[in-house]
Structures are given as structure tokens and as C-alpha cells.
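Following: one structure in C-alpha cells, then a few remarks.
The values are calculated or read from the model by the stated rules, or taken from the named source; none is laboratory data. Computed from a predicted structure; not experimentally measured. Glycine also receives a Cβ, built like all others from the backbone with ideal geometry; neighbour counts cover every protein chain displayed. Calculation scope for accessible area: heavy atoms of the full protein, side chains included, ligands and nucleic acids excluded. Shrake-Rupley method; radii C 1.70, N 1.55, O 1.52, S 1.80 Å.
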Amino acid sequence: MADNGYETGRGLSRRRFLKLAGVAAMGAAGAPWLIDPARAQVRTSARVVIAGAGAGGLAMASRLSRLLDGARITIVDSREIHWYQPGFTLIAGGVWAPDRVTTPNSAFMPGGVEWIKADIAEFDPDGNRVVTDQGQTVRYDYLVVATGLELDYGDIEGMERSLIGQHGIGSVYAGPQHAAATWATMQAFVEGGGLGIFGRPPGGIKCAGAPLKMTLLTDYHLREAGRRGRAELIYAAHNDALFGVAPVNERVTEMFGSRGIEPQYSHVLKAVDPGRRTATFDTPDGDATLDYDFLHVVPPMSPPDPVTNSALAWQEGPFSDKGWLEVDQYTMRHRRYPNVFGIGDVNGIPKGKTAASVKAQAPVVAGNLVRVIEDREPTHRYNGYTSCPLVTAVGQAMLVEFDYEGNLIPSFPFLDPLEPSWVPWMMEELMLRPAYDAVLRGRI
Amino acid sequence: MGNMPIYAPLFVIFEMFRPVLPWLVAVVVIDALLLAVAALRGAPRGRRATGVSIVIGIVVAVIAALRLPAFTHAGLGDLVTVMDFVMLALAALGTGVAVGILAFPLVLVLSGTRRG
Ligand SMILES: Cc1cc2nc3c(=O)[nH]c(=O)nc-3n(C[C@H](O)[C@H](O)[C@H](O)COP(=O)(O)OP(=O)(O)OC[C@H]3O[C@@H](n4cnc5c(N)ncnc54)[C@H](O)[C@@H]3O)c2cc1C
């Protein structure tokens with residue numbers, strides 16, 4: 001009993017009870033804002049330009065706007081609608097509607113950050129300036145390149161983006177509507193059966209798990225429809241492995257075997273004839289042409305032209321072929337221009353073309369940029385963390401996470417990264433989007 | 001994920017509820033008002049309200065356990081590891097506890113006063 005005889009909670013007076021309830025409610029609502037990973041402010045008048053307002057650019061804008069006091073931060077990107085790209089696979093797998101992955105970019109744009117709605121046409125790192133496609137010159141003291149990458153459908157003879165959804169061609173990468181068109185094409189294939197061809201190109205691609213997911217989801221839908229026996233599935237790997245991380249490769253190879261998916265190694269898609277429904281592959285034995293009923297095209301990928309054509313691109317070594325951004329793979333700082341950093345898909349580094357990598361890179365880039373502004377050495381290091389829930393069926397996935405060395409580095413020790421189960425699927429379906437949004441808001 | 005800071009789940013959960021945040025705040029405010037009404041009216045039936053809220057929580061937890069896989073477009077058959085069942089149980093428990101707590105003020109007011 002409380003002092004005034006009311007049973008308002010054991011041993012609590014009415015006033016105390018109301019006070020505690022109020023504090024608890026305020027605490028519950030405000031708790032996330034009390035813990036701010038990027039709060040310690042550094043005074044500076046530096047001008048920071050962020051090129052690109054995708055996952056990496058927005059995460060940087062959010063973090064830097066809270067870390068830097070007095071800095072002038074400008075983000076440059078003409079895109080007004082943000083795409084939650086990891087959701088494309090769920091659209092193409094028939095699980096989500098396309099509108100679940102689109103949000104106005106303004107919803108993530110932090111206050112106090114200037115947004116120039118144009119694209120960068122030229123990077124001039126020697127002059128510390130960028131020029132937009134509208135002719136505006138923007139000068140900077142520090143530059144963060146976050147332009148992502150481009151999809152080069154045109155590099156495959158006969159292929160173009162507009163063919164997605166027609167002539168049995170699908171491609172999960174091009175955007176939400178294209179992912180939906182891919183789902184429609186996959187459904188037609190499930191109905192009609194025949195030969196389904198999947199695969200991936202050589203070189204850096206974002207979410208290297210996506211081509212595998214599309215293969216496994218097609219297999220899943222065929223089985224669900226009771227039509228697996230009427231279809232043949234081939235996976236054209238660009239080299240001698242299905243995935244670049246050894247234990248994952250072994251597991252996926254085993255899974256393909258048990259599900260009757262035939263790997264064809266060292267097969268690179270070079271041409272498509274949509275009218276005749278044929279796909280031609282470059283193989284060690286010469287060209288091989290196959291008749292397909294469903295072709296899932298994964299285009300070669302490269303940095304946007306303004307990056308490739310600038311002095312910021314790698315000039316030699318394995319990442320120079322396409323002109324990826326030349327950053328140190330650990331500090332994310334440009335190797336020749338010390339006031340330039342890179343984040344996300346545009347970086348010429350051995351791994352890390354996923355949104356999960358952006359999550360791991362953002363504190364490194366922001367932390368190191370702040371240290372450089374303070375005239376200190378960058379000490380934060382990115383370990384190559386790359387991850388994607390490898391969907392194996394609607395309802396099951398494997399949460400695969402690895403570093404530069406190809407070591408599996410699970411965040412959740414209680415989950416077997418190589419065992420398909422519901423928990424990683426539940427994460428993909430329910431929790432990845434909120435986690436992604438928290439990254440864009442610079443909170444995790 | 002990837003060297004996820006200890007506080008990260010808090011932000012993930014916050015973002016998860018962001019679309020329904022106005023509704024959630026409204027429920028919390030209404031709950032606070034209901035608690036105030038119960039406190040001002042005097043002698044609320046705290047024990048009875050607690051019991052009813054627990055029952056509500058248990059019922060919601062059971063429903064959540066059965067419905068959560070379908071809510072993620074999965075079937076109960078997709079739960080194959082011990083962790084799947086443990087996580088489902090925890091998620092159902094969390095939902096039950098949350099609903100039970102949120103229902104408590106209303107149940108308290110509806111339970112009337114001990115003297116009345
Ligand atoms: C089908 C698919 C599935 C995926 N699945 C997963 C997954 O399961 N897990 C995961 O972690 N990741 C996944 N990803 C990868 C993830 O979405 C990307 O790695 C991530 O978005 C990279 O962020 P970014 O900022 O580098 O590039 P983006 O988010 O693509 O943003 C780049 C931005 O730069 C802008 N830009 C381009 N050129 C210029 C220019 N010249 N000037 C100004 N702005 C420019 C663009 O308009 C864009 O807004 C998937 C991607 C796809 C396509």
C-alpha cells in the first residue's frame with residue numbers, strides 16, 4: 001500500500017507514480033536520441049562536398065552534419081527519389097510491391113545541409129572543385145565521393161534496359177519497376193517452363209549475392225508451383241566459382257547440386273538476341289549460344305563516367321580497368337588526394353559493394369575525415385565487411401558476412417551463416433530496411 | 001551489422017516503428033491520461049487490472065507466435081533451427097508484453113475502484 005492508501009503500484013505515492021510514468025514515456029520516446037554516435041562536435045569552417053545522395057552520401061551527410069560545427073556541407077545529386085535497393089530482390093521474388101522501396105530523398109536529408117539538385121559532370125581534384133551538369137562550379141576543402149556505380153547493359157551486345165520484362169528477359173538490378181517486370185517474366189517462365197539462365201559478369205558488382213538469390217528464388221517458385229520438372233536451370237559463372245568467398249562457394253555449390261541447378265563455369269554473357277531468345281557466352285572453348293526461355297541478365301558495372309574520366313580514378317592495377325575510385329582500402333582516403341574520401345560502391349577496393357558495407361564504412365570515413373580536418377592522421381580502419389542475407393527460398397535465408405580476407409565474421413554468433421533458416425529471412429524482410437534507414441540517418 | 005554498436009538495435013527498432021510513431025505516441029499519451037484518471041479517481045483495482053493485462057498479453061503472444069511467420073511471408077515450415085523457434089518465442093513474448101503494458105491503463109480504468 002502506498003502512503004495515501006491508493007493501490008497505484010506497490011509502495012508508490014500518486015505524485016511519484018505520475019512523475020515516473022511521465023519520465024518513462026519521455027524516455028521511451030527520446031531514448032534513441034540520447035545515444036548519439038556522432039555527437040562530439042568539432043568546430044571548423046571547412047567546406048565539405050558530398051558527391052551522390054545514395055546510401056553512402058546520405059549516411060555521410062547525416063554524420064558530418066552532427067560531427068562538424070560550422071562546416072558548410074553540400075551534397076550534389078539530381079535524384080529526388082531514394083531507392084532501397086536491397087528490396088529489389090524481394091520485388092523480383094514476388095514478395096514486395098515496388099512502392100515499398102521508394103522514399104523521397106528529402107526524408108533523409110539532414111537539416112543544415114545544402115542540396116544541389118544536379119549531377120557532377122567533372123571532378124577537378126587539382127583545383128579542389130566539381131562542376132555540375134548545369135554548369136555550376138562548387139569548390140571544396142574536402143570531398144566525399146559517393147556516386148555509386150553504373151549498370152552497363154549496353155556492354156552486352158543486343159541488350160538494353162528497356163528489354164527487361166520482354167522476350168523472357170529479367171534483371172533485378174535496374175530499379176523497382178524493372179524488378180517488378182522481372183517477377184512477371186519469372187512467373188511466365190514458371191508457367192511455361194523451359195531453360196532458365198542466370199549468372200554474373202566479371203568485375204566488381206553490387207550485392208554479388210543477388211544473382212544467386214534470383215536463381216534460388218526461381219527454383220523455389222517452380223517447386224511451389226509443382227513445375228520444377230518442366231524447367232532446367234543453368235548458372236553461368238564468370239570464373240571457376242559461384243561466389244568469391246570459399247566457404248560460401250562450397251555451400252552454394254552443394255545447394256545448387258541438391259536443387260538440380262547446373263553451374264557452367266567461365267561463361268560470360270556477351271550477346272543477347274531477344275527476338276530469337278538466344279544468349280551467347282564467351283567461354284574458354286569459344287562462343288557458346290543457348291536458347292533460353294528465361295534469361296536473368298546481370299550487367300557489367302563500372303563507376304560513373306565523371307569519376308572514371310577524372311584523376312581520382314585508379315591509374316594502374318586491377319581497379320584501373322574500369323576507373324574505380326583510388327582509395328586506401330582501410331582508411332577510405334584517396335591515395336593521392338588527401339582531402340578526398342570515398343564511400344560505397346564507387347570505391348576501387350577488393351570487397352564492399354553492399355549497403356551493409358556502407359554501414360561499416362560510414363563511421364570510418366566520417367571519423368577519418370574529422371581527424372584530417374583536425375590535422376591528425378586517419379586511424380579508423382574498414383576491414384572489408386560485406387554482407388547480404390542470401391535468400392534461398394521465400395521464408396529462408398543465410399546471413400553471410402565476411403571481410404577482405406574472406407573470413408566469415410558473423411554479427412550474431414548464434415546464427416549459422418551457412419545454414420538457411422527463418423531468422424535471417426525475418427531480418428531481411430522486417431529489419432534490414434529499418435537498419436538501412438538508421439544508417440542513412442547516421443545513427444548506426 | 002558488422003561491428004554493430006551495442007545501442008544499434010534501439011535505433012533499428014525506432015526506425016521500424018517510425019511509420020507508426022504518431023499512433024504509438026497517441027497510444028502512450030492516452031495511456032498516460034488513463035493512468036492519471038485512475039490515480040485521481042482513487043483506489044484503482046491494480047491487482048485485477050494486472051491479471052487481466054497479463055491474460056491479454058498471453059493471448060496476444062500466442063497469436064503473434066502463430067502469425068509472425070506469415071507476417072514475414074514465410075510459413076511455420078520455414079522454421080528449421082532451434083534459433084528460429086527461440087527468436088519466434090522471444091518476438092511473440094515481446095509483442096505480448098508490449099501489448100499487455102499498453103492495455104494496462106485502459107483495463108485499470110475499466111476495472112473501476114475498489115471502494116466503488
Ligand atoms: C538488386 C540489388 C540487391 C541488393 N541487395 C543488397 C543486400 O541484400 N544487402 C546489402 O547490404 N546491399 C545490397 N545491395 C547493394 C546496395 O544497395 C548498394 O551497395 C548501396 O546502395 C551502395 O550505396 P552507394 O551510396 O555507394 O550507391 P547508391 O546507393 O547507388 O547511390 C549512389 C548515388 O549517387 C548518385 N550519382 C551517380 N552519379 C552521380 C554524379 N555524377 N553526380 C552526383 N550524383 C551522382 C546517384 O544518383 C545515387 O543517388 C543490393 C543492390 C541491388 C541493386
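Relative contact order, whole percent, for segment B:8-110 stands at 44, derived from Cα pairs under 8 Å and 6 or more residues apart.
Placing unit charges on C-beta atoms (Lys and Arg positive, Asp and Glu negative, everything else neutral), compute the dipole magnitude of chain B about its Cα centre in debye, rounded to 20. Spell out each step's value before the answer.
Working: 8 positive and 4 negative charges, 164 e Å.
Around 780 debye, computed over chain B.
Once the Cα atoms are used to define both axes, helix A:176-192 deviates from the longest principal axis of chain A by about 40 degrees. For segment A:116-125, putting each phi into the Karplus relation 6.51 cos²θ - 1.76 cosθ + 1.60 with θ = phi - 60° gives couplings of 8, 7, 8, 9, 7, 9, 8, 9, 10, x Hz, in residue order, rounded to whole numbers and with x for Gly and Pro.
Only sites in a loop by DSSP and with at most 13 other Cβ atoms within 10 Å count here; which trypsin sites (Lys or Arg not before Pro) in segment B:55-116 make the cut?
On the way: sites: B:67, B:114, B:115; in loops: B:114, B:115.
Within segment B:55-116, the qualifying trypsin sites (Lys or Arg not before Pro) (loop, at most 13 other Cβ atoms within 10 Å) are B:115.
Solvent-accessible area per residue in segment A:146-265 equals 37 Å², computed with a 1.4 angstrom probe and all protein chains kept. For chain A, rounded, prolate or oblate, judged on the Cα gyration tensor with a ≥ b ≥ c (square roots of eigenvalues), a/c < 1.5 rounded, else prolate if a/b > b/c? Oblate, since a/c reaches 1.5 and b/c is not below a/b. Residue by residue, segment A:255-266 carries 3J(HN,Hα) couplings of 5, 4, x, 6, 9, x, 9, 8, x, 10, 7, 6 Hz when phi is fed to the Karplus relation 6.51 cos²θ - 1.76 cosθ + 1.60 (θ = phi - 60°); x denotes Gly or Pro. With chain A treated as a Gaussian network of Cα nodes joined by springs under 10 Å, which of A:175, A:244, A:317 yields the largest mean-square fluctuation? Of the options given, A:317 has the highest mean-square fluctuation. Please label the shape of segment A:292-444 as rounded, prolate or oblate, based on the square roots a ≥ b ≥ c of the eigenvalues of the alpha-carbon gyration tensor (a/c under 1.5 means rounded; beyond that, a/b larger than b/c means prolate, else oblate). Verdict is oblate for segment A:292-444. Look at the alpha carbon pairs under 8 Å that are at least 6 residues apart: their mean separation over the length of chain A gives a relative contact order of 16 percent. Shape annotation for segment B:8-110: C-alpha extents along the principal axes are 51, 28, 21 Å, from largest to smallest.
Rounded, prolate or oblate: which fits segment A:153-301 when a ≥ b ≥ c are the square roots of the eigenvalues of the alpha-carbon gyration tensor, with rounded for a/c under 1.5 and prolate only if a/b beats b/c? Here segment A:153-301 falls in the rounded category. Largest GNM mean-square fluctuation across A:354, A:89, A:253, computed for chain A with C-alpha springs under 10 Å, falls on A:253. Among A:355, A:246, A:393, the largest mean-square fluctuation in a Gaussian network model of chain A, built with springs joining Cα atoms closer than 10 Å, belongs to A:246. What does the extension gain come out to for residue A:122 and residue A:103, with contour length at 0.36 nm per residue minus their alpha carbon separation? Full extension from residue A:122 to residue A:103 adds 4.1 nm. Summed over both chains, the accessible area lost when B and A associate is about 3900 Å², using a 1.4 Å probe. Sort out for me the Cα centre separation of segment B:1-51 from segment A:320-334, rounded to whole Å. Rounded to whole Å, the Cα centres lie 46 Å apart. The amide H of residue A:68, built 1.01 Å from its N in the peptide plane, has A:42 as neighbours under 5 Å, considering only residues 5 or more places off or on other chains.
In the context of the full protein assembly, residue B:59 retains an accessible surface of approximately 80 Å², using a probe radius of 1.4 Å and ignoring ligands and nucleic acids. Database remark: amide H of residue A:170 closer than 5 angstrom to the amide H of A:165, A:295, A:296, A:297 (H placed geometrically; neighbours at sequence offset of 5 or more, or on other chains; Pro and chain starts carry no H).
Contact order, relative form, for segment A:240-349: 13 percent (alpha carbon pairs under 8 Å, 6 or more residues apart, mean separation divided by residue count). Within straight cross-link reach of residue A:359, meaning Cα distance under 16 Å, which lysines are found once same-chain residues fewer than 8 apart are removed? Within the straight-line limit of under 16 Å, residue A:359 reaches these lysines: A:206, A:351.
Could you compute the FRET efficiency for residue A:250 and residue B:113, with r as their C-beta to C-beta distance and R0 at 60 Å, rounded to 0.05? All intermediate terms of the calculation are to be shown ahead of the outcome.
Details: r = 68 Å, r/R0 = 1.13.
Approximately 0.30, to the nearest 0.05.
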